[in-house]
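What follows is a set of notes on a single structure, which appears directly below.
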Amino acid sequence: MKNILKNSLVIVVLFTSLFTNAHSTLRMSKDATKTILTLTNVNEGNELSVKDAFGLTLYSEMIENTGDYIKGFDLTELPDGNYHFELSQDLILKTIPFSVEENKIKFQKENEVTVFKPFVKLNDNVVSISKLTLNKKAVKIEIYFDNEGYSLLHSETIEGTQDIKRMFKLTKKGNYKIVTRSEGKTFVEYVSI
């Protein structure tokens, strides 16, 4: 139990430091066709995507260098509609929304959202799930077992708390799927015992 509390404290500190270090800047270039995206404190292997309002990925790349990321995008060719940049880091998912109307780009800086991903760890046959929700939004956790197709073993919704921690003993040898839903995002992890 002492190790679980210690690990949970480490996770909260890690979440907090990641949250405070992730910054983004968007600006138009002088010729007004390129949007310059600047992200500070990114790591090699983070993924940057441009998605439409339905979540369809229109562009994706893996960031190659740790530090600052600066790149120009011509977003004026996109059809009118709502879009967002999505930066997927180790434990956070940052969404930077923008819209296109008549080849003009409008950024919605006030609607930027940072969602903390769940942290799933398997130790022997016990799976630990930790999730930080600063706004205390509902989190739904589902555990499935692969028995020639995934069948639901457990489902629960947790509300009204920032720091969610759950432990589940997995009793059958095989493959499990852990699904966590929160703040309009779905995260899936697979574990085997």
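The residues of the range 35-62 that are surrounded by 12 or more Cβ atoms within 10 Å (Cβ to Cβ), under 21 Å from Lys185 (Cα atoms) and polar (S, T, N, Q), listed by number, are Asn46, Ser49, Ser60. With respect to (1) among the hydrophobic types (A, V, I, L, M, F, W, C); (2) within 30 Å of Met167 (Cβ to Cβ); (3) at pLDDT below 90, the lone exception for Ile36 is condition (2). Check the range 108-120 and report whether any residue there is among the aromatic types (Phe, Trp, Tyr) and either at positive phi or within 19 Å of the chain's Cα centre (by Cα) (or both). Yes, the range 108-120 contains at least one residue that is among the aromatic types (Phe, Trp, Tyr) and either at positive phi or within 19 Å of the chain's Cα centre (by Cα) (or both).
Residues in the range 63-84: is at least one under 30 Å from Val191 (Cα atoms) and either in a strand (DSSP E or B) or small (Gly, Ala, Ser) (or both)? Within the range 63-84 (the criterion being under 30 Å from Val191 (Cα atoms) and either in a strand (DSSP E or B) or small (Gly, Ala, Ser) (or both)), the answer is no, since none of the residues qualifies. Residues in the range 87-101 that are farther than 16 Å from Thr186 by Cβ and free of Cβ contacts under 8 Å to residues at least 40 places away in the same chain were compared, and the one that is surrounded by the fewest Cβ atoms within 10 Å (Cβ to Cβ) is Glu101. All of (1) more than 23 Å from the chain's Cα centre (by Cα); (2) at positive phi hold for Thr171 with one exception: (2).
The values are calculated or read from the model by the stated rules, or taken from the named source; none is laboratory data. Everything numeric in this text was worked out from a predicted model, so none of it was measured. Please note: Cβ atoms are built from the backbone with ideal geometry, for glycine as well, and neighbour counts cover all protein chains shown.
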